[in-house]
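Notes follow the structure.
Nothing in this text is a laboratory measurement; each read-out follows from the coordinates by a stated rule. What you see is a predicted model; the values in this text were computed from it and never measured. All Cβ positions, even for glycine, are placed from backbone atoms using ideal geometry, and neighbour counts span all protein chains on display.
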Amino acid sequence: MIGRRRFRRDRHGRFNTGLGADERELLKALPLQARGLLEARDPSAARVFPVAYPQEAKAESEYREMMGAHLLHRHQDALDTLTMTVDAPSLDEEEIHEWLDALEVLRLVLGTQLDVIEDEIVVEESDPHAAQVAVYRYLSMLQGEIVDSLAATLPKGEAGGGGGDPP
C-alpha cells in the first residue's frame, strides 16, 4: 500500500485512482459510519462542527441555527460523493475536492475518538486502538497524496504558497 501514488492527473484533467480492492472497501464503509455519527450529533463528531464563538453563547447559538444544517449537508454530500465514486477509475476536479472534504470529516471523527491532539500518534501493536490509528494514518496519507496531485499541476511558484517566483 505504501510507496505508490494513488492519484495521478491525466492529460484530460481527471484524476486516475489507483486504489486497491481493500482500500475501496474501507472507503465505502467509513463514510456510512461517519454519516450516522454526524446525524446523531455524536460527541465524536464535535470537531466537524467547530465552535465559532467560544465566549459568546448567544452568538454561538445563532451561528448554529444559521449554519448547522448547512454544515451537516455539506459534510453529508462529501461523504456521499466518496461513497458513490470510490469504484470509479477516475475523478473530476470537483469530485477530488469532495474526497478531500470527506477524508477530513473522517479524520476529524476518528481523531476525536482517538483523542488525537497532533498527528503524531504512538501506539503499541497490542493497543486496542492500533487498528483505528492505522486507519487514521491511512486517511492522512490519502489526503496528502490528493493535495500533492492537485499541487503538481499548479504553475511553478504557486504550489509553495502562491507567492510566485522571486524577481
Which value, in Å³ per residue, describes the convex hull spanned by the Cα atoms of region 38-138?
133 Å³
Region 6-29 to region 45-103: how many Å between their Cα centroids?
21 Å
Integer Hz, Karplus 6.51/-1.76/1.60 couplings in order for region 94-107, x for Gly and Pro:
5, 5, 5, 5, 5, 4, 4, 5, 5, 4, 5, 4, 4, 5
Picking from His12, Leu82, Met141, whose Cα lies most toward the positive end of the charge dipole for the chain (charges on Cβ: Lys, Arg +1; Asp, Glu -1)?
His12
Run the numbers on the chain and let me know its relative contact order in percent, using alpha-carbon pairs under 8 Å that are six or more apart.
26 percent
Taking the chain as a Gaussian network, where each spring joins two C-alpha atoms under 10 Å apart, which residue of Leu108, Leu71, Leu19 fluctuates the most?
Leu71
Of the candidates Ala130, Ala45, Ala34, which one comes out as most mobile in a Gaussian network treatment of the chain with C-alpha springs shorter than 10 Å?
Ala130
If you take every residue apart from Asp77 with its C-beta less than 12 Å away from the C-beta of Asp77, what net charge results, scoring Lys and Arg +1 and Asp and Glu -1?
-3
At most 14 other Cβ atoms within 10 Å and a DSSP loop assignment: could you name the GluC sites (Glu not before Pro) in region 1-66 that fit?
Glu56
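Give me the dipole magnitude in Debye, nearest 20, for region 20-151 about the Cα centre, with unit charges on the beta carbon: positive for Lys and Arg, negative for Asp and Glu.
480 debye
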GNM on the chain, C-alpha springs below 10 Å: top fluctuator among Ala29, Ala102, Ala78?
Ala29
Helix-derived [θ] at 222 nm for the chain: sum -39500 (n - 2.57) over DSSP H runs of at least 4, divide by residue count, nearest 500?
-19500 deg cm²/dmol
